[in-house]
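Report on one structure; see the data block that follows.
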Amino acid sequence: MFLHNFKNTFMVIIRDRFLIFWSLVFPIILGFFFTIALGNMFDSWEFEPINVSVNESLRDDIYFNNFLDELEDEKIIKIKDLGKLSDEEVTAYIKDYDKIVFKKSGIYESLMENILNNYLRKANMYKRISKDKPEYDIANLIVNKNHIVDKSRKNLNIINTFFYSLIGMQALYGYSLGLMIVYKHEANLSTLARRNSVAPISKTTNLLSSLLAGFLINFTIVLFTIFVFNKLYGVDFSNKLLPLIFLVALASMFGVLFGILIGVSNKATVEIKNGIGIAITMLLSYLSGMMNSDTKIIIQEKFPIIFKLNPVSLINDGMYSLYYYDGLDRYWQDIKYLALLILVFGFISFIYTKGKQYDSI
């Protein structure tokens, strides 16, 4: 009976074209528009030279002048011979060795200040050595090293994170499969459910076989979408296939359980329950950074509990950790919280399902 009910549920779901469209086709279409809208905007994150103006009297110092030339050769700064800060292109004005004026505070400004402070420390060190040990060859200390070393991943593509959120949203769209399963088995919702309730098969077996069917369909849909995103849109999901598949499996299971919980936890109509599913899914997707990548960072830093309870954020972050990091520590953190959500949602759904009785069907 388990296999029979599994097969029937599987066939019912895949024959629902409207459901398949929203679960499979819609995310792929949305991904296409993501590609068009964002294009190559975030294909690379290159350091841009800092436009600076320098007090002309400082250029008479041959050592300091060579130092500035090194920075310019390394493309850390670009010197504007204007001697003022009023020009729109100029970010900083080096007024003296230990005094630099900025238009505003920021990463580039802090970087420039640190580089100058480092130069002053080395200059003072050379003076002390020359005074205390004049015979010492300071050429051993003056080694031409890069002032900034780029250790970032060369193929880092920030646009990938938008697609990771989209995959998380799609996994949660599996709620519609969960709603269909509930509609098929809750006797107060449909004629088919009333027939199933009097069938010679336990309700637990009935639900578990249907849950397996919904999970496999949702799992297959998400994997297919990842394949399309990777091959057609060039989205990098890393080469760690087994951890990725495991993450997708948990995400797919959560999506179906999410829909089952919506279905059994209230007496609203199917249309209202479907609206609840869409609203919650879109809210969680927004909080994961699907519309604005800064949103995820803000939530993660200021409201970490919301981040840890948001399945879309966990899916997004899990895929990002596989893509960006060599280790799996952060990945397992996301897996832990996602698995916890699955257990909680599954347990609550089980309690609601087992506790339902009907005076008449």
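The values are calculated or read from the model by the stated rules, or taken from the named source; none is laboratory data. Just so we're clear, the structure is a prediction, and the values are computed from it rather than from any experiment. Positions of Cβ are generated from backbone atoms using ideal geometry, with glycine treated the same way; all protein chains shown enter the neighbour counts.
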Query - Complete set of residues in the range 223-245 that are in contact (Cβ under 8 Å) with a residue 40 or more places away in the chain, in contact with a Leu (Cβ under 9 Å, 6 or more places away or on another chain) and not aromatic (Phe, Trp, Tyr) - result: 225, 226, 238, 240, 243, 244
Query raised in the report: Somewhere in the range 36-56, is a residue hydrophobic (A, V, I, L, M, F, W, C), exposed (fewer than 15 other Cβ atoms within 10 Å of the Cβ), modelled with pLDDT under 80 and touching a Ser or Thr at 6+ places or on another chain (Cβ under 8 Å)?
Result: yes
Query raised in the report: Condition test on residue 288, is it at pLDDT 95 or above, crowded, with 22+ Cβ neighbours inside 10 Å and either touching an Asp or Glu at 6+ places or on another chain (Cβ under 8 Å) or within 12 Å of residue 168 (Cα to Cα) (or both)?
Result: no
Query raised in the report: In the range 234-247, what residues are among the β-branched types (Val, Ile, Thr) and within 14 Å of the chain's Cα centre (by Cα)?
Result: 235
